[in-house]
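Just so it is clear, none of the values below were taken in a lab; they were calculated from the coordinates. If you're wondering where the values come from, they're calculated on a predicted model, not measured in any experiment. Here Cβ is always computed from backbone atoms with ideal geometry, including for glycine, and neighbour counts include all displayed protein chains.
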Amino acid sequence: MDRSGEPALRLVIFDLDGVMYRGREPVPGAAALVAALHRRDLLIRFATNNSMTTRAMYVPRLMAMGVAVELDEIVTSTSATIDHLRAHLPEVGSVMAVGASGMLEELQEAGFDAMAAADAVDASYEGGPLDRSFGAVIAGLDPSFDFRRLAAATTAIRAGARFIATNADLRYPTPTGFLPGAGSIVAALRAASGEEPLVIGKPEPGIFSAILERAGVRPEEAVAIGDNPDADIVAAHRAGMRSILVLTGVADAALAATLDGERRPDQVARDPSDVASLLGVSLS
Ligand SMILES: [Mg+2]
């Protein structure tokens, strides 16, 4: 407890795109903010809904931007899904993966008996029981998604596998436009199976709750810093955490002034040095 009676801050969760960088460009001051928080011995996590990129791929990317980061500080919607399974569904050992190769690798490295949906049925599959059962179907962004994968995953879910989505983002931005996101694939699985998924990624609280549980930190001892009210700020509310909206990404001051309900952050910061002031840390 500090003098105000509030629990002391122990953990800061950063969003990545729009907070640490915009596309390939670092956000000025973000690396200095992270360094200052490290000097204060605060726990730091970087949380992204991305299910295609592995945690290890983010380390050199952030290091190249001057952000000192360790593998354990990176949390993707896939790694949070793995943490959720371990903590809450320990009986699940075999999983079907509807996702990119990075997702399948992470599930296998985490010790799951994981099979790609494409390998669960052959090209001539005409319905009917699969050769084996699955404890869960994990659905993320799968650039090879097709009817065969949809059929395999739907059959597994209807046979009793838990339906878990890494995230439900319907689309995501590219340098030249938009592409369908994991949520569009999840929507197809939901329609075909008639089952509702457990969604881990933002705006659902699962990704933040998995971070808190693993770190042994209570929600009131943590803050989430993000640029997207619909994702970062809503997830923080649902996880019971304080939130700071930083205006270096998708939201500007005019939008911030209109936010209410779950989309309203506790505080708004113009940039990383403003975040430092709000957290009471010195950048120098
Ligand atoms: Mg963002």
Please name which of 74, 123, 98 has its Cα lying farthest along the dipole of the chain towards the positive end, using unit charges on Cβ (Lys, Arg +1; Asp, Glu -1) and the Cα centre as origin. 74
Please report the net charge: other residues with Cβ closer than 10 Å to the Cβ of residue 33, K and R +1, D and E -1. -2
Give me, ordered by chain and number, the residues 5 or more places off residue 201 or on other chains with an amide H under 5 Å from its own placed amide H. 167, 168
Treating only the Cβ atoms of Lys and Arg (+1) and Asp and Glu (-1) as charged, compute the dipole magnitude of the range 91-199 about its Cα centre; round to the nearest 20 debye. 340
C-alpha center-to-center spacing [the range 76-145, the range 16-45] in angstrom: 32
Check residue 163: other-chain or 5+ apart residues with amide H under 5 Å from its amide H, H built from backbone geometry? 137, 198
About the Cα centre of the chain, what is the dipole size in debye to 20, counting +1 per Lys and Arg Cβ and -1 per Asp and Glu Cβ, all else neutral? 280
Subtracting the Cα-Cα distance from 0.36 nm times the residue separation, let me have the gained length for residue 124 to residue 192 in nm, one decimal. 22.6 nm
Quick one: give the max-minus-min coordinate of the C-alpha atoms of the chain along each principal axis, largest first, in Å. 63, 41, 37
Projecting each Cα onto the charge dipole of the chain (Lys/Arg +1, Asp/Glu -1 at the beta carbon, about the Cα centre), which of 51, 191, 245 comes out farthest on the positive side? 245
Contour minus Cα-Cα span, residue 282 to residue 6, at 0.36 nm per residue, comes to 97.3 nm
